[in-house]
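Some notes on the structure that comes next.
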Amino acid sequence: MTNKQQILKQYFGYDTFRPLQAEIIDYISAGNDCMVLMPTGGGKSLCYQVPALMTDGLTLVVSPLIALMKDQVQALLGNGVAAAYLNSTLTYNQQAEIERQCRTGELKLLYIAPEKLFQSGYLEFVSSLNINLLAIDESHCVSVWGHDFRPEYTQLHVLKTAFPKVPMVALTATADRVTRRDVLKQLGIPSARVFEASFDRPNLSLNVMPGRNRLRTIEDFLKDHPKQAGIIYCLARATTEDVALKLRAKGFNARHYHAKMPAEERSQTQDAFLRDDVQIIVATIAFGMGIDKSNVRWIMHYNMPANVESFYQEIGRSGRDGLKADTLLFYTFNDWLMRKQMVEGSELPNHLKEIQLAKLDRMKQYAEADHCRRRILLSYFNETVERDCGNCDVCRNPRSKFDATVPAQKALSAIARADQKIAMGLLIDVLRGSHNRNVTERGYDKIKTFGAGRDLRAEEWAEYLTQMLNSGVVDVAYDEAHALKLNEISWRVLRGERKVELVRFESYQQKRERAQLEEPVVKSKKEVIRDELFERLRLLRKRFADAENVPPFVVFSDATLSDMSEKRPITRQQMLQVSGVGEAKFAHYGEAFINEILNYAREKTEPGTRVVNGMTYVETFDLYKKGLTPAQIAQKRNLNELTIYSHLAKLHEDGFDVNIKQYVTPQEYDTITDMAAQLDIQKGAALKPLYDALGEQYDYYKLRIALALWG
Ligand code: ADP
Ligand code: ZN
């Protein structure tokens with residue numbers, strides 16, 4: 001059995017396990033059944049992929065998502081792991097070849113769709129194989145209680161009967177207690193241990209903005225996220241098309257996606273996004289299932305989702321690689337209202353309606369939070385958090401309240417003068433003094449408060465009126481075209497008997513400007529180098545990805561490129577220190593990425609700016625490549641000749657293409673290394689004793705070269 005740590009490094013290029021991974025791997029490889037609950041991006045795959053590689057035999061991974069299978073297999077192959085998938089998309093010959101590889105034991109992991117597994121006779125075939133582990137991915141699909149029930153999953157219990165001795169692991173990102181128990185029962189492992197990781201995703205920033213002027217805010221947001229991939233979720237199909245069109249008109253690389261598009265266009269759009277050819281997808285919730293793209297850097301919700309589960313799942317699609325990602329929810333009173341009416345008007349039985357309304361309410365609480373938003377999210381998933389997160393808008397800009405009695409009175413007075421028949425949008429026009437037709441037709445331009453609220457922008461009014469609604473300072477009659485109504489509290493405010501406190505509104509633009517004043521973004525030289533290099537490595541990754549017909553994140557994740565541009569390796573040994581570079585990735589891409597880093601260093605190195613460690617070796621190497629002799633290099637670089645020889649020796653040791661054999665004869669090599677062996681000279685030791693022992697017969701440089709060749 002191979003050590004799990006070694007496998008993690010060799011194949012996946014990582015140094016440490018994430019929380020629970022090591023424990024789960026030990027538990028599985030001891031032959032036990034278990035369930036793994038981790039949020040999207042938590043690192044579930046390694047929990048079965050590492051055990052799969054620790055022993056002989058084949059790991060069977062049952063997965064309902066055909067699109068994902070291909071990506072996962074590609075990723076494994078890229079890491080040098082023999083893997084394949086079997087589903088309805090394969091030709092007869094392809095399938096026969098994979099079956100052959102199963103029989104010969106060449107394969108380590110086989111991904112299989114449940115419908116394939118239960119095709120007649122197939123289970124017998126599988127039973128004849130040497131199976132070491134059964135992994136059930138997206139296992140919540142087994143349960144009717146789960147949100148994505150798949151009938152073909154219910155037969156999976158036969159697996160445990162067919163392989164009573166083989167450990168089984170069920171994995172999922174979402175399962176409440178009822179679903180969880182049901183999943184285990186359905187799979188025939190009712191008493192399996194459950195490993196539950198925290199659902200917190202601290203790298204996702206949480207932000208909410210009022211939904212006025214969404215496009216303007218989106219534009220500003222996108223300027224802060226140049227070239228970064230992201231998804232804008234909308235409720236309606238028409239909105240996706242409209243928003244994508246408007247963004248394109250502004251020069252953004254955006255496309256829409258929804259379930260009513262022709263299948264071909266859908267898959268083409270998804271593909272373009274996976275391949276980083278399209279930066280922005282404006283989509284309904286139809287988009288995202290089965291997308292494993294690890295470098296989604298932001299998620300926006302143009303409209304409010306129906307519940308916290310969906311919201312969390314959708315924002316969870318960003319930042320899977322563990323790097324920072326931003327989420328932004330637009331919240332408007334109307335969105336909430338529309339959702340509410342959708343539930344109320346639906347055919348659902350009353351008790352289900354109540355549940356859905358309660359869920360919608362929790363979503364509203366998140367949107368209106370006046371304390372840490374992450375605490376609200378996690379408490380929804382029954383996790384208690386001791387501290388505020390520091391990575392949500394509320395934590396970063398604690399709510400500042402102000403005395404809003406005067407503006408509130410202006411609004412309430414306008415409502416009264418409009419006979420309580422005015423809805424929010426029109427009220428804002430009146431307060432702002434707009435002479436549009438709706439206003440003038442009703443004679444609202446004649447009332448006393450017309451234009452009394454010009455000092456506030458429309459979006460500010462929308463925000464403050466929403467806050468007034470939420471705190472009960474004013475009511476709304478849904479059945480009278482959303483007319484605003486005065487209540488007991490409203491009258492007390494109007495009479496000056498009660499004060500109104502509201503939370504100050506700041507637009508995205510204002511927040512951004514303030515943040516920049518507080519913390520000016522002046523990049524250090526080091527950060528400039530890192531960012532520039534990241535961009536170059538990203539382009540190189542894209543070239544490889546296109547040539548190999550895989551998505552860029554399959555070549556290297558953003559996290560890997562980021563670590564690479566931070567560490568800037570120029571040797572094999574250094575490159576293998578980069579997180580995510582295992583043996584196979586190094587063999588395949590190592591040299592090209594090192595060359596890119598070297599080229600960048602050659603361009604950018606100047607007095608006072610060090611791009612890579614050991615640039616002096618690189619300079620020697622470049623002159624050597626031009627055909628200069630060590631003596632000429634020494635002269636040109638104004639360095640000692642011995643120094644140049646030791647540069648060349650070091651370059652050779654680091655895997656650069658330097659022919660140092662030419663500097664010693666075979667006899668010299670033999671004599672020197674014989675003596676080194678006798679004296680038990682270690683690598684890197686001082687050369688003087690060797691020099692003396694050889695009777696001062698050989699130049700120091702020859703000693704250095706011979707020892708480098710000796711290895
Ligand atoms: P999940 O299936 O839970 O959504 P994945 O298994 O796809 O998550 O892992 C998400 C990302 O995290 C992948 O890019 C994966 O390579 C990376 N990852 C997993 N485990 C580790 C680890 N121990 N160290 C660094 N990165 C990891
Ligand atoms: Zn917070």
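The values are calculated or read from the model by the stated rules, or taken from the named source; none is laboratory data. Keep in mind that what you see is a predicted model, and the values were worked out from it rather than measured. Here the Cβ is made from the backbone with ideal geometry for all residues, glycine too, and neighbour counts use every protein chain on show. Note: areas computed on protein heavy atoms with side chains; ligands, DNA, RNA excluded. Shrake-Rupley method; radii C 1.70, N 1.55, O 1.52, S 1.80 Å.
Within region 49-63, the only residue that satisfies the criterion of being open to solvent by 10 Å² or more (accessible area, probe 1.4 Å) and closer than 18 Å to PHE125 by Cα is GLY57.
When region 469-497 is limited to residues that are among the aliphatic types (A, V, I, L, M) and part of a helix (DSSP H, G or I), the one that is nearest to LEU426 (Cα to Cα) turns out to be LEU469. Per this entry, GLU535 is counted among residues that are away from ligand 1 (no atom under 16 Å from the Cβ) and either open to solvent by 30 Å² or more (accessible area, probe 1.4 Å) or within 28 Å of GLU219 (Cβ to Cβ) (or both). Within region 83-91, is even one residue surrounded by fewer than 15 Cβ atoms within 10 Å (Cβ to Cβ) and either modelled with pLDDT of 90 or more or among the hydrophobic types (A, V, I, L, M, F, W, C) (or both)? Yes - at least one qualifying residue is present in region 83-91. TRP298 meets the conditions (1) in contact (Cβ under 8 Å) with a residue 40 or more places away in the chain; (2) touching a helix residue (DSSP H, G or I) at 6+ places or on another chain (Cβ under 8 Å); (3) part of a loop (DSSP other than H, G, I, E, B) in every case but one. The failed one is (3). Do we have THR466 as in a helix (DSSP H, G or I) and either in contact with a helix residue (DSSP H, G or I) (Cβ under 7 Å, 6 or more places away or on another chain) or of a type in the set (Lys, Arg) (or both) here? Criteria met by THR466.
Scan region 250-267 for residues that are touching a Ser or Thr at 6+ places or on another chain (Cβ under 9 Å), crowded, with 17+ Cβ neighbours inside 10 Å and in contact (Cβ under 8 Å) with a residue 24 or more places away in the chain and the total you get is 4.
For region 275-286, the candidate set comprises residues that are of a type outside the set (Asp, Glu) and surrounded by fewer than 24 Cβ atoms within 10 Å (Cβ to Cβ); within that set, the residue that is farthest from ligand 2 (Cβ to nearest atom) is ARG275. One residue stands out in region 545-566 among those that are of a type in the set (D, E, K, R) and under 18 Å from the mean Cα position of the chain (by Cα): the one that is farthest from ligand 2 (Cβ to nearest atom), namely ASP563. When LEU107 is tested against (1) open to solvent by less than 20 Å² (accessible area, probe 1.4 Å); (2) within 13 Å of ligand 1 (Cβ to nearest atom); (3) not in a helix (DSSP H, G or I), exactly one condition is not met: (2).
Within region 401-412, residues that are over 11 Å from VAL474 (Cα atoms) and among the β-branched types (Val, Ile, Thr) have Cβ atoms under 8 Å from residues that are open to solvent by less than 20 Å² (accessible area, probe 1.4 Å) and assigned to a helix (DSSP H, G or I) in these pairs: THR405/VAL493, counting only partners at least 6 apart in sequence or on another chain. Across region 396-426, what is the total count of residues that are within 16 Å of ligand 2 (Cβ to nearest atom) and open to solvent by 90 Å² or more (accessible area, probe 1.4 Å)? Qualifying residue count, region 396-426: 2.
Filtering region 327-334 for residues that are in a loop (DSSP other than H, G, I, E, B), within 16 Å of ligand 2 (Cβ to nearest atom) and touching a residue at least 24 places away in the same chain (Cβ under 8 Å) leaves an empty set.
Inside region 649-690, can you point out the residues that are farther than 30 Å from ASP622 by Cβ and of a type outside the set (A, V, I, L, M, F, W, C)? Passing the criteria: GLN667, ASP670, THR671, ASP674, GLN678, ASP680, GLN682, LYS688, PRO689. The sole residue among VAL618, VAL658, VAL578 that is of a type in the set (Val, Ile, Thr), within 36 Å of the chain's Cα centre (by Cα) and either in a loop (DSSP other than H, G, I, E, B) or surrounded by fewer than 17 Cβ atoms within 10 Å (Cβ to Cβ) (or both) is VAL578. Among the residues making up region 167-202, those that are surrounded by 18 or more Cβ atoms within 10 Å (Cβ to Cβ) and either within 16 Å of ligand 2 (Cβ to nearest atom) or under 14 Å from LEU134 (Cα atoms) (or both) are PRO167, MET168, VAL169, ALA170, LEU171, LEU184, LEU187, ILE189, ALA192, PHE199, ARG201. Being in contact (Cβ under 8 Å) with a residue 24 or more places away in the chain, closer than 14 Å to ALA173 by Cβ and aromatic (Phe, Trp, Tyr) is a property that holds for TYR312. Checked against (1) outside any helix (DSSP H, G or I); (2) touching a residue at least 24 places away in the same chain (Cβ under 8 Å); (3) not polar (S, T, N, Q), ILE25 meets all criteria but (1).
Scanning region 639-655 for residues that are in a helix (DSSP H, G or I) and either touching a residue at least 40 places away in the same chain (Cβ under 8 Å) or out of contact with any Pro (no Cβ under 8 Å at 6 or more places or on another chain) (or both) returns GLU641, LEU642, THR643, TYR645, SER646, HIS647, LEU648, ALA649, LYS650, LEU651, HIS652, GLU653. Contact map, region 268-291: residues that are over 26 Å from PHE544 (Cα atoms) and at pLDDT 95 or above paired with residues that are in a strand (DSSP E or B) and open to solvent by 10 Å² or more (accessible area, probe 1.4 Å), Cβ distance under 7 Å, separation 6+ or inter-chain. Pairs shown: VAL282/HIS256; ALA283/HIS256; ALA283/TYR257.
Would you check if GLY43 is out of contact with any helix residue (DSSP H, G or I) (no Cβ under 7 Å at 6 or more places or on another chain), away from ligand 2 (no atom under 16 Å from the Cβ) and open to solvent by 10 Å² or more (accessible area, probe 1.4 Å)? Taking the combined requirement at face value, the residue does not satisfy it. Quick one: which residue in LEU68, LEU76, LEU37 is within 22 Å of the chain's Cα centre (by Cα), surrounded by 20 or more Cβ atoms within 10 Å (Cβ to Cβ) and touching a residue at least 60 places away in the same chain (Cβ under 8 Å)? It is LEU37. If you go through region 372-395 and keep only what is in contact (Cβ under 8 Å) with a residue 40 or more places away in the chain, surrounded by 15 or more Cβ atoms within 10 Å (Cβ to Cβ) and more than 16 Å from ligand 1 (Cβ to nearest atom), you end up with ARG373, ARG374, LEU377, LEU378, TYR380, VAL385, CYS389, ASN391, CYS392, ASP393.
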